[in-house]
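A.B. asks: Here you go, one structure.
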Amino acid sequence: MAWPRRYKPQEVEARLREFWQEAGVYHFDPEVEGAVYAIDTPPATVSGLLHLGHCYSYSHTDFMARFWRMNGRRVFYPMGYDDNGLPTERLVERTMGIRAGEVGRERFIEICLQVSRDMEREYEALWSRLGLSVDWRYTYRTIDEHSRRVSQRSFLDLYRQGRAYRRQAPTIWCTECGTAIAQAELNDLERPSTFYTLAFRLENGDTLPIATTRPELLPACVAVFVHPADGRLAHLLDQEAAVPLFGQAVPVLADPEADPEKGTGAVMCCTFGDATDVEWWYRHRLPLQQVVDRQGRLNELAGEFAGLPLTQARQRIVEALEAQGRLLGQQPLEQSVRVHERCDTPVEYIVTPQWFIRLLDAKEELIEAGRQVHWYPPHMQARYQAWVENLGWDWCISRQRSYGVAFPVWYCQDCGAVVLAEEDELPVEPSARPPGRRCACGGDAFRPEEDVMDTWATSSLTPQIAGRWGGNEALYQQVFPMSLRPQAHEIIRTWAFYTIAKSHFHFGQLPWRDVAISGWGLAPEGLGKISKSRGGGPMSPLDMIERYSADAVRYWAGSTGPGKDSIISEEKIQLGVKLVNKLWNVARFSQRFLAGYRPPPRPPALSPADRWILARTQRLVRRVSALFQQYDYAAAKSETENFFWKDLADNYIEMAKLRLYNGDGAGGAGARYALYQVLLTTVKLLAPLLPYVTEEIYQQLFAPLEGAASIHKSAWPTVDEALDDEVAESSGQTLVDIATAVRRYKSERSLPLGSELPRLQLAPPAGRPARSLAEAVEDLQSITRAQVVEVVERLDPALLEIPPAGAVRLALVPVE
């Protein structure tokens, strides 16, 4: 087959994708023996178009899958789509312009299913183009039948353990999404606000100034708190204060959570403005006056302000306070507000009936479980631990939405008891049919639970879903616990934590051995993190792949180590193109010497340059293998790339060219042997990162002799101790130093690097054997273009001495 002059990635990549799929290169075979490397692949949330940030993080997982596959592991690499729950609902609302209340729940669910199916086809197309070595036969959706069965089975088990419970309690509420959310779904958002100082009236007629950013909550004020050690206000304890504008009398109480440095030192407690209000309400057994409804409006407690949205209500109430002389002052400030991560809406705290998973009593056990996981990078374990230590709420898993996994629950209309589905009935839709038995009280009238589960309640079970827990036990026993959980750092508090918690509660063991954390792909020019639900960034990943190649995009993705963010850089993608083309050109050059070549079982006679490059290769294999094992694919890429450019392409090939052109005579056998071994090793070391061009080179040059049908099923390089020679490395480095000195001489005189030199003399230091230099004369002629190379004790004074190469002095006949 003729070797094309130019590498054409679009043609090659399409052909190789088809080859990999037809040959089943990435198929997991549960019937064969051998160690398993199972990956708990992140199921992409179906909330918008994928962007280059996804290519960044998903490439990292693929690097590791390919590395371990070449190391003989049976790699279980499924793909999932997280397409149930709020994110997909929000996508439908945004793209279709409809809400469940407008078209009916059943029709809305149908639309969600169709939109998610269409989006998932686009996701799969991108992952395939990127070259992910996924076994597509093990694809799941978190809304599919098996996922719903697993999620409902988990709920039943947690309920029987006493961990799942339902109660009426203050919950974190998003008024935009119309649902309760969990603590882990909160972000902090800095925004401008105003501190309003209001005049509360004490029993003796004195004014108690209190500062607040939320005067709209005055109708819900139930107490005033001061710090017990605040001597300025201690005399007010056990008195009552009248709330301005609304008039209710509330007690003045002491609590150490009141900050004497904030505002006036006295703070009003409303039910509820924030989590501190909730804590005070529980601790001091305060009455409940809930003034904010589920739509984010004031209710009838607000009197004339009832029905107003919160922002408008705040403005109107401030105006009324000012008119009555009860507004003492106002001061602008920057305020950190808790917002829902999915829509940036400030959350409220509303008393509603919700389902929870009990976590707070197991915090120490969950912290210890996190310590047993291997985190890459290691400092990410501290993020996990800090989150668990500061957890203040049990996990609210119910959502007041239309689309998601149903709770397998009914309520008896006679006695109110919870009636659970049987496991052999799962998955069930309680709204579609009653339970298959009467209530224990004898009642046969039931009300279905209409809430759906939080999407994390299902995606926290991805090891069980992907491993077919309860559906294919033989497979599940092979892949669980899994080897790797790859994920982003911002969902340590959700996906990692909830998965560890579920695995601990259900099975008493870790869900996986390793967690590899990816950073974010950041938009250029300071635009920050890109998000598929908010536009997906300025560069389309398919456009980048089409323009530059999948390997080039993967090159950029592999340029930054675990846990680190990376700016999306078209310049780095272009550097990937440069590397791909150079690798192709080196292979094309080598093809004329290696086509049909069969290396002997033992090395032939080797020159110092051959021994050097082979020794450098052993060191590289040892180092790169260790880096991959520590999930440091970026350092592995960097070291392999540097070796390829500097050692192989720039130096060794230039040294060996004369001998290569000589064929098997005059050292040619050693050059061919070294070139074969080193190029094959380099291509294999780059294969996890650049799967397409390395496969094409392997198929053209190495497949017939190596035996593996694909480079990605071939054996990872191992160190040949017989070639691991420090002396050879040192001697070879001297050759490189000599070549560098000559190149510098030519460059300083604006001479082409290919300019011939009539004569070059080398004088090693006294006492150092000159034999290795004498053996390398032909290689030095090749790389320096010197017609004559002489190894001497003293330089000829008639020659021009140039700066030395280390300890070796150099002189040459000047070239004009």
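A.B. asks: Has the range 109-126 got at least one residue that is under 30 Å from residue 310 (Cβ atoms) and open to solvent by 20 Å² or more (accessible area, probe 1.4 Å)?
C.D. replies: Looking through the range 109-126, none of the residues is under 30 Å from residue 310 (Cβ atoms) and open to solvent by 20 Å² or more (accessible area, probe 1.4 Å).
A.B. asks: Additional query: Which ones in the range 791-813 are within 24 Å of residue 750 (Cα to Cα) and open to solvent by 30 Å² or more (accessible area, probe 1.4 Å)?
C.D. replies: Matches in the range 791-813: 798, 800, 801, 803, 804, 806, 809, 813.
A.B. asks: Continuing with the same structure: Could you tell me whether any residue of the range 272-288 is touching a Pro at 6+ places or on another chain (Cβ under 7 Å), hydroxyl-bearing (Ser, Thr, Tyr) and open to solvent by less than 60 Å² (accessible area, probe 1.4 Å)?
C.D. replies: Checked the range 272-288: no residue is touching a Pro at 6+ places or on another chain (Cβ under 7 Å), hydroxyl-bearing (Ser, Thr, Tyr) and open to solvent by less than 60 Å² (accessible area, probe 1.4 Å).
A.B. asks: If you don't mind, another one. For the range 725-757, which positions are open to solvent by less than 50 Å² (accessible area, probe 1.4 Å) and under 41 Å from the mean Cα position of the chain (by Cα)?
C.D. replies: 729, 736
A.B. asks: Based on this model, can you work out whether residue 187 counts as under 30 Å from residue 386 (Cα atoms) and open to solvent by 10 Å² or more (accessible area, probe 1.4 Å)?
C.D. replies: It is true that residue 187 is under 30 Å from residue 386 (Cα atoms) and open to solvent by 10 Å² or more (accessible area, probe 1.4 Å).
A.B. asks: Can you tell me which residue is nearest to the chain's Cα centre (by Cα) among those in the range 288-346 that are at positive phi and part of a loop (DSSP other than H, G, I, E, B)?
C.D. replies: For the range 288-346, the residue satisfying everything is 344.
A.B. asks: Does the range 687-702 contain any residue that is free of Cβ contacts under 8 Å to residues at least 40 places away in the same chain and outside any helix (DSSP H, G or I)?
C.D. replies: No - not one qualifying residue is present in the range 687-702.
A.B. asks: Same structure, new question: Select the helices (runs of 4 or more DSSP H) contained entirely in the range 55-161, then report the ones holding at least 1 residues which are at pLDDT 95 or above, more than 26 Å from residue 633 (Cα to Cα) and of a type in the set (D, E, K, R).
C.D. replies: The helices (runs of 4 or more DSSP H) meeting that bar are 145-160.
A.B. asks: Here is a follow-up. For the range 497-508, what are the residues that are aromatic (Phe, Trp, Tyr) and open to solvent by 30 Å² or more (accessible area, probe 1.4 Å)?
C.D. replies: Listed by number, the list holds a single entry, 507.
A.B. asks: Filtering the range 478-496 down to residues that are under 22 Å from residue 58 (Cβ atoms), touching a strand residue (DSSP E or B) at 6+ places or on another chain (Cβ under 9 Å) and part of a helix (DSSP H, G or I), which residue is most open to solvent (accessible area, probe 1.4 Å)?
C.D. replies: Of everything passing the filter in the range 478-496, 490 is most open to solvent (accessible area, probe 1.4 Å).
A.B. asks: What's the total number of residues in the range 713-730 that are of a type in the set (Asp, Glu) and assigned to a helix (DSSP H, G or I)?
C.D. replies: The qualifying residues number 3.
A.B. asks: To continue, here is another question. Working carefully through the options 369, 323, 306, find the one that is of a type in the set (A, V, I, L, M), exposed (fewer than 14 other Cβ atoms within 10 Å of the Cβ) and at pLDDT 95 or above.
C.D. replies: Only one candidate qualifies: 323.
A.B. asks: Still on this structure, I have one more. Take the range 758-772 and flag every residue that is over 52 Å from the mean Cα position of the chain (by Cα), of a type outside the set (A, V, I, L, M, F, W, C) and not in a strand (DSSP E or B).
C.D. replies: If the condition is that a residue be over 52 Å from the mean Cα position of the chain (by Cα), of a type outside the set (A, V, I, L, M, F, W, C) and not in a strand (DSSP E or B), then 758, 759, 764, 765, 767, 768, 769, 771 are the ones that fit.
A.B. asks: Taking the options 706, 721, name whichever one is among the charged types (D, E, K, R), at negative phi and exposed (fewer than 14 other Cβ atoms within 10 Å of the Cβ).
C.D. replies: Criteria check complete, one pass: 721.
A.B. asks: Sticking with this one: Among (1) in contact with a helix residue (DSSP H, G or I) (Cβ under 8 Å, 6 or more places away or on another chain); (2) surrounded by 14 or more Cβ atoms within 10 Å (Cβ to Cβ), there is one condition residue 161 misses while meeting the rest; what is its number?
C.D. replies: Among (1) in contact with a helix residue (DSSP H, G or I) (Cβ under 8 Å, 6 or more places away or on another chain); (2) surrounded by 14 or more Cβ atoms within 10 Å (Cβ to Cβ), residue 161 violates only (2).
A.B. asks: So, residue 816, is that one part of a loop (DSSP other than H, G, I, E, B) and open to solvent by 60 Å² or more (accessible area, probe 1.4 Å) or not?
C.D. replies: The answer is yes for residue 816.
A.B. asks: Can you give me the number of residues within the range 44-67 that are more than 19 Å from residue 555 (Cα to Cα) and crowded, with 24+ Cβ neighbours inside 10 Å?
C.D. replies: Summing the residues that are more than 19 Å from residue 555 (Cα to Cα) and crowded, with 24+ Cβ neighbours inside 10 Å in the range 44-67 gives 1.
A.B. asks: What number of residues within the range 372-416 satisfy the criterion of being in contact with a Cys (Cβ under 6 Å, 6 or more places away or on another chain) and either of a type in the set (D, E, K, R) or exposed (fewer than 14 other Cβ atoms within 10 Å of the Cβ) (or both)?
C.D. replies: Total meeting the criteria: 2.
A.B. asks: Continuing with the same structure: Considering only residues of the range 773-790 that are surrounded by fewer than 19 Cβ atoms within 10 Å (Cβ to Cβ) and either of a type in the set (A, V, I, L, M, F, W, C) or assigned to a strand (DSSP E or B) (or both), which is nearest to the chain's Cα centre (by Cα)?
C.D. replies: 777
A.B. asks: How many residues are over 15 Å from residue 206 (Cβ atoms) and not in a loop (DSSP other than H, G, I, E, B) if we restrict to the range 236-282?
C.D. replies: Of the residues in the range 236-282, 16 are over 15 Å from residue 206 (Cβ atoms) and not in a loop (DSSP other than H, G, I, E, B).
A.B. asks: A follow-up question, please. Tally up the residues in the range 655-703 that are surrounded by fewer than 20 Cβ atoms within 10 Å (Cβ to Cβ), under 28 Å from residue 638 (Cβ atoms) and among the charged types (D, E, K, R), please.
C.D. replies: Residues that pass the stated criteria total 1.
Quick grid of which residues meet (1) open to solvent by less than 50 Å² (accessible area, probe 1.4 Å); (2) in contact (Cβ under 8 Å) with a residue 60 or more places away in the chain; (3) among the small types (Gly, Ala, Ser):
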| residue | (1), (2), (3) |
| --- | --- |
| 577 | yes, no, no |
| 580 | yes, yes, no |
| 587 | yes, yes, yes |
| 593 | yes, yes, no |
| 606 | yes, yes, no |
| 613 | yes, yes, no |
| 618 | yes, yes, no |
| 626 | yes, no, yes |
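A.B. asks: Being over 37 Å from the mean Cα position of the chain (by Cα), free of Cβ contacts under 8 Å to residues at least 24 places away in the same chain and open to solvent by 50 Å² or more (accessible area, probe 1.4 Å) is the requirement here; does residue 364 meet it?
C.D. replies: no
A.B. asks: Could I ask something else about it? When only residues in the range 518-532 that are outside any loop (DSSP other than H, G, I, E, B) and surrounded by fewer than 16 Cβ atoms within 10 Å (Cβ to Cβ) count, which is modelled with the highest pLDDT?
C.D. replies: Out of the qualifying residues, it is 529.
A.B. asks: Might you check whether a residue that is in a helix (DSSP H, G or I), aliphatic (A, V, I, L, M) and modelled with pLDDT of 95 or more occurs anywhere in the range 384-405?
C.D. replies: yes
A.B. asks: Further question: The conditions are (1) part of a helix (DSSP H, G or I); (2) open to solvent by 50 Å² or more (accessible area, probe 1.4 Å); (3) in contact with an Asp or Glu (Cβ under 7 Å, 6 or more places away or on another chain), and residue 27 fails exactly one of them. Which is it?
C.D. replies: All conditions pass for residue 27, except number (1).
The values are calculated or read from the model by the stated rules, or taken from the named source; none is laboratory data. Fair warning: this is a prediction, and the values are worked out from it, not measured in the lab. Glycine gets a Cβ as well: all are built from the backbone with ideal geometry, and neighbour counts include every protein chain shown. The area values use the complete protein model at the heavy-atom level, side chains included, leaving out ligands, DNA and RNA. Shrake-Rupley method; radii C 1.70, N 1.55, O 1.52, S 1.80 Å.
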